[in-house]
Amino acid sequence: MRTEWAVPFDGEPCVFIGNHAGAFGPIDMVAKFPLREDCYPWFNAAVMSEKEMPAYVRQDYWWKPGCFFEPLLNVTVPYIAAAVLPPIMRSVPGVPVYHDNRVVLTMRKSLQLLRQGKHLIIFPEQPSGFQSHHDWINTGFMNIAPMYHKLTGKELQFWPVHIDYKNHVFKVAAPIRFDSTRTLEEQLPELERTLARGLRGLPVEEEEKAADKKED
């Protein structure tokens, strides 16, 4: 994998926002991204639990719903994953993401790493089916920006990364910086649109069409 930066990286603690590209996006970012030694990915806490892993696999589109082999896959793959993946994921230096009141642990760990000069890697696309995603991205992670500003007085940057594993390239778009003079709610649509465009490697006009479709 080679890396193409739209602008030179300034070294500030930041958040890299990437596309999934199936499982290849996360794998490439943690194994091949040039800043990987100082990057900590967010990952679903369920993948760390042998008990939670089967349900996570069944709802995460690991196979095409209704396919011929679905009955067999449903009773084998979730349990194979539960036996293999949690021990591996517990050894990964990353940030578990919780979807209940334990989310405070996710934010606390993330802020701690940023204050140490590290970077986060987040994959905000929402699956819509097998090998497909909605045209919008999850934005809950952006709450870390005002928290970081409150702690440090600094404005956090988000760098969109389009992971093109077929052509072996990380295309890092220009960063967008949280504006501390405005509320997060005021700038959220702009942040979402710019990050979505960058992580998908889309020209401006294509992303604007997708945004207009969503509004309609």
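Please tell me the relative contact order of the chain in percent, rounded to the nearest whole number, where contacts are Cα pairs under 8 Å and at least six residues apart.
Value for the chain: 30 percent.
Given the options THR152, THR181, PRO8, identify the residue whose Cα lies farthest towards the positive end of the charge dipole of the chain (+1 on Cβ of Lys, Arg; -1 on Cβ of Asp, Glu).
Farthest along the dipole direction, towards plus: THR152.
Which percentage, to the nearest 5, of the DSSP beta bridges contained in region 19-162 is antiparallel?
Counting only bridges with both partners in region 19-162, antiparallel ones make up about 35 percent.
What number comes out for the charge environment of TYR98, summing +1 per Lys or Arg and -1 per Asp or Glu over other residues with Cβ under 14 Å away? Let's see the in-between values first.
Working: positive: ARG102, ARG108, LYS109; negative: GLU52, ASP100.
So the environment of TYR98 carries a net charge of +1.
Counting C-alpha atoms alone, how compact is the chain: give Rg to one decimal and Dmax as a whole number, in angstrom.
In order Rg, Dmax, the Cα atoms of the chain give 17.7, 55 Å.
Within the accessible area of the chain, what % is carbon and sulfur when the probe is 1.4 Å and the other protein chains stay in place?
Whole-percent figure for carbon plus sulfur exposure: 55.
If each of ASP60 and THR152 carries a label point 7 Å out from its Cα toward its Cβ, how far apart are those two points in nm?
2.8 nm
From the phi of every residue in region 12-24, what ³J(HN,Hα) in whole Hz does the Karplus formula 6.51 cos²θ - 1.76 cosθ + 1.60 yield, where θ is phi - 60° and glycine or proline is x?
Result, ordered by residue: 5, x, 7, 10, 8, 10, x, 8, 6, 6, x, 8, 6 Hz.
With a Förster radius of 25 Å, plug the Cβ-Cβ distance of GLU52 and THR139 into 1/(1 + (r/R0)^6) and report the FRET value to the nearest 0.05. Intermediate values should be presented prior to the final figure.
Details: r = 24 Å, r/R0 = 0.97.
The computed FRET efficiency comes out at 0.55.
One-quarter of the Cα convex hull surface for region 1-96, in nm²?
7.5 nm²
Please state the charge dipole magnitude for region 27-123, taken about the Cα centre, from unit charges on C-beta atoms (+1 on K and R, -1 on D and E), reported in debye and rounded to the nearest 20.
300 debye
Over the chain, average the accessible area per residue using a 1.4 Å probe and give it in Å², no decimals.
Working: 11920 Å² over 216 residues.
Dividing the accessible area of the chain by its residue count gives 55 Å².
Separation of region 1-47 and region 55-110 by C-alpha centroid, Å?
Centre-to-centre (Cα) distance: 20 Å.
Net charge within 10 Å of GLU190 by Cβ-Cβ distance, Lys/Arg positive one each and Asp/Glu negative one each, not counting GLU190 itself?
Working: positive: ARG182, ARG193; negative: ASP179, GLU186, GLU192.
That works out to -1.
In debye, nearest 20, what is the charge dipole magnitude of region 31-74 about its Cα centre with +1 on Lys and Arg Cβ and -1 on Asp and Glu Cβ, if you could check?
Working: 5 positive and 6 negative charges, 28 e Å.
That gives a dipole near 140 debye.
Could you derive backbone 3J(HN,Hα) for region 91-105 from the dihedral phi with the Karplus parameters 6.51, -1.76 and 1.60 (θ = phi - 60°), listing whole Hz in sequence and x where the residue is Gly or Pro?
8, 7, x, x, 10, x, 9, 9, 10, 9, 5, 7, 4, 4, 5
The values are calculated or read from the model by the stated rules, or taken from the named source; none is laboratory data. Predicted, not measured: the structure shown is a model, and the values here were computed from it. A quick note on method: Cβ atoms are made from the backbone with ideal geometry, for glycine too, and the neighbour counts reach across all protein chains shown. Just the protein is used for accessible areas: all its heavy atoms, side chains included, with ligands, DNA and RNA removed. Shrake-Rupley method; radii C 1.70, N 1.55, O 1.52, S 1.80 Å.
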